[in-house]
Structure formats: C-alpha cells, structure tokens
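Presented below is the structure to which this report refers.
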Amino acid sequence: MDTELKYLFAPYELKGHHIKNRIVMAPMELLIKKTRDGFVNEDHLNHYGERARSGIGLVIIEATSVDPRSMNVVSQLGAWSDEHIPGLRRLAAACQRYGAKVLLQLQHLGVRMKQDPIGPSAYQDKSVTAREMKLDELKALQEAYVSAIRRAELAGFDGVELHGAHGYMLNQFSSPNVNQRTDRYGGTLDNRLRFVQEVMEQAQPLVNERFIFGYRMGCNQPTLEDGVAMAVRLEQMGIDVIHVSSCGYSGSRPELPTDFPYNWVIYGGSRIREKVTVPVIVVYEIRTPERADDIVKQGYGDFAAIGRELIVDAEWARKAADGDEIRYCIRCQPCVIFNGENCVML
Ligand SMILES: Cc1cc2nc3c(=O)[nH]c(=O)nc-3n(C[C@H](O)[C@H](O)[C@H](O)COP(=O)(O)O)c2cc1C
C-alpha cells in the first residue's frame with residue numbers, strides 16, 4: 001500500500017457499514033452491456049465484480065429505471081418488477097463478495113422520456129415537448145420509486161442513490177426552471193422537494209435501519225446557494241449521503257475562487273459539505289489517486305467518485321494502493337455517445 005494515500009484509504013463508518021476506503025465508483029451506464037427488459041446479465045456481473053475486486057470502497061450501480069416506459073436505452077437496467085430481484089441480488093453480491101458496499105442508482109427520465117414524455121409540468125425545448133403529469137400519475141410514480149427501493153433492499157443492496165442530477169425527473173422536480181406546478185409539488189423549495197420527501201417517508205419504514213439513502217444532486221440548483229439550501233433539506237429528510245454533481249436546466253456554474261485547485265463541480269461539493277453533517281461524495285475529473293487523496297485530505301469531500309477512469313482501467317483502486325501505473329481515459333467520447341447532447345457532464 002502506498003502510504004502517501006492515507007486519506008484516500010482511510011475507512012468510513014456509515015449507518016453501521018464499514019466502507020473500507022473513500023473510493024467511489026461513479027454510476028455509469030454502458031452500452032456494451034447488451035440486455036433487454038432491464039435484466040442483469042453476465043456482462044454486468046463481470047464489469048462490476050472486476051472493479052469491486054480491485055478494492056473500491058463504494059460501488060454505485062448505473063442509472064436503473066423505476067418505470068419500463070422510461071428507458072434511456074433499450075439495454076438500461078430496471079427495478080420496476082419483482083422479476084428483476086434475482087439478477088439484482090447477483091449484482092449486489094458480485095460487489096459485496098470483495099468487501100465493497102453497493103448502492104443501486106434509481107432513475108426516471110421525466111421530460112426526456114422517448115414516448116409520451118411527462119414531467120412535473122409541461123416543458124419544451126429544442127428536443128422535447130412534455131406534458132404535465134396528473135396527480136394520479138405523480139402518485140403512481142412515487143409508488144414506483146418506493147417499490148424499486150424495496151426491491152433493492154430485498155436484493156441485498158446496502159442502499160440506493162436517488163438520481164436527482166443531470167436533468168432527470170427528480171432534478172426536474174427540484175428545478176424552479178422546469179417545475180412550474182402550482183400545487184403543493186411546485187413553488188417553494190419545500191414544495192419542489194415534496195415529491196422526494198414523500199418517497200422517503202413511504203420507503204423508510206419498509207427497509208432495514210442500516211439501509212443507506214443516497215441522493216445525487218447538482219450543486220448548481222440552479223445557483224450554488226440554491227444547491228446548498230437543497231442539500232440541507234435533503235439531510236433533514238433523512239438522506240444519508242449526498243453525491244454532488246451538476247444539474248441540467250440552465251444551472252449557473254459557481255464562480256471558482258482563484259485559489260481553489262479543482263473544478264467548479266468539486267468546488268460546489270466542497271461548499272455543500274460545509275453546511276451538512278452527512279458525508280458528501282464529490283466527482284468530476286478527479287482521475288488520479290493523488291487528486292482523490294488530496295480532495296479528502298483538504299476536506300472538499302468525504303469520498304471521491306471516479307467515473308471514466310474506471311471504464312478504462314478496472315484495476316484503478318488496486319493500482320492506487322500498490323502505486324502501479326494506471327491506464328488513463330483519453331476522453332475519446334464513444335462511451336458517452338448514447339447520452340449525446342443531453343449529457344450535461346461531458
Ligand atoms: C458512459 C457514461 C455513463 C454515465 N452514466 C451515468 C449514470 O448512469 N448515472 C449518473 O448519475 N451519471 C452517469 N454518468 C456521469 C458519471 O457518473 C460521472 O459523473 C462523470 O463521468 C464525471 O466523472 P469523471 O470525470 O470521473 O468521468 C455517466 C458518465 C459516463 C462517461
């Protein structure tokens with residue numbers, strides 16, 4: 001073990017879970033895993049198992065749909081049916097057998113659905129025209145989230161991450177630029193977070209007390225000040241770990257202080273971390289073990305999530321520990337083509 005990286009390899013206790021280090025595998029959907037109807041296949045087991053084996057502390061499984069009508073790509077994973085549970089159980093176990101903790105990221109596309117797109121309110125931009133969901137549709141979607149959370153727990157996951165970043169449904173609810181509802185699910189911050197708050201209230205009694213609720217949000221929600229206020233509310237409603245990325249819909253990038261050594265997404269995460277007591281995961285262009293270690297050391301984040309480098313080099317974590325040479329992503333982009341212009345991260 002390279003003792004220089006003692007911050008990155010320091011364990012963390014979260015809700016009775018011993019997370020062996022601060023390395024998080026960022027959620028990433030990959031087209032190469034050819035499956036249908038949301039089922040886990042051997043490609044998923046190999047892909048995640050290989051990365052967990054190399055020593056990652058916390059694996060976050062890619063965006064998994066809570067609704068069969070909301071699929072990013074036909075090969076997206078699903079958690080909308082009990083039939084998904086056996087495959088999800090194998091997936092959780094494929095990571096846990098190497099000592100990793102594992103969260104399942106839950107997603108709904110909202111206004112970005114390919115057919116009959118619905119959102120918190122009617123929405124139009126150059127690529128989508130979506131209608132406002134009716135109250136009974138809103139309630140049904142909350143039930144879909146709650147059922148998916150329950151399935152994740154039954155499948156043995158240590159928790160879930162609710163995907164509230166990158167412009168998807170939960171981001172649409174929280175964004176004042178998209179959510180124009182005039183009922184109790186739109187307007188004030190509390191109203192815009194009511195959808196997720198009620199999901200939490202319904203789900204919490206159904207899962208064991210150690211079950212981790214994560215939330216991925218944009219720091220620019222749409223401003224950093226809004227993002228900080230939102231993170232504080234998420235903590236109050238029982239979110240156990242906040243993963244700070246970027247949001248869609250005209251979020252403004254926070255201005256970087258000249259002496260801040262990393263990018264604006266990490267800066268946003270660091271500012272949020274100052275105001276919450278739950279752990280914060282930061283992400284975006286962290287790339288090297290040395291940066292990840294420094295980010296934890298400086299207190300910018302409790303955990304450092306690694307994305308594209310883990311597509312390219314499954315052994316990133318082991319090589320970090322052993323001081324071996326890592327193969328770095330060259331940003332050639334094919335891995336993100338399916339996201340196309342919708343991808344606000346890249
Ligand atoms: C191919 C690909 C797929 C992604 N899929 C997801 C996803 O399913 N859920 C999500 O929240 N972010 C997704 N992201 C964003 C990553 O989690 C991460 O935030 C981003 O890659 C930035 O981190 P990096 O600079 O370390 O790659 C994806 C990114 C890539 C490259």
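The values are calculated or read from the model by the stated rules, or taken from the named source; none is laboratory data. All figures in this text were calculated on a predicted structure; none of them were measured in a lab. So basically every Cβ, Gly included, is an ideal-geometry build from the backbone, and we count neighbours across all protein chains shown. These area figures cover heavy atoms from the full protein model, side chains too; ligands, DNA and RNA do not enter into them. Shrake-Rupley method; radii C 1.70, N 1.55, O 1.52, S 1.80 Å.
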Being more than 18 Å from ALA155 (Cα to Cα), touching a Pro at 6+ places or on another chain (Cβ under 8 Å) and surrounded by fewer than 21 Cβ atoms within 10 Å (Cβ to Cβ) narrows ARG36, ARG69, ARG131 down to just ARG131
Restricting to the range 240-282, name every residue that is touching a Ser or Thr at 6+ places or on another chain (Cβ under 9 Å), open to solvent by 10 Å² or more (accessible area, probe 1.4 Å) and not aromatic (Phe, Trp, Tyr).
CYS247, SER250, GLY251, SER252, ARG253, PRO254
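Considering only the range 272-330, state which residues are on the phi > 0 side of the Ramachandran plot and either within 11 Å of the ligand (Cβ to nearest atom) or within 20 Å of the chain's Cα centre (by Cα) (or both).
Within the range 272-330, TYR284, GLU285, ARG287 meet the criteria.
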Being open to solvent by 20 Å² or more (accessible area, probe 1.4 Å), of a type outside the set (Ser, Thr, Tyr) and modelled with pLDDT under 95, is that true of even one residue in the range 291-311?
yes
Find all pairs meeting these conditions: Cβ atoms under 6 angstrom apart; at least six residues apart or on different chains; first residue within the range 55-67 and over 17 Å from TYR145 (Cβ atoms) and assigned to a loop (DSSP other than H, G, I, E, B); second residue open to solvent by 10 Å² or more (accessible area, probe 1.4 Å) and not hydrophobic (A, V, I, L, M, F, W, C).
GLY55/ARG318; GLY57/LYS20
Residues in the range 79-101 that are crowded, with 24+ Cβ neighbours inside 10 Å and closer than 19 Å to GLY164 by Cβ total 1
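Within the range 86-192, which strands (runs of 3 or more DSSP E) (wholly inside it) include 1 or more residues that are over 25 Å from GLN221 (Cβ atoms) and charged (D, E, K, R)? Let's see the steps before the verdict.
Values: elements: 101-107, 129-132, 159-164.
Filter on the range 86-192 gives 101-107.
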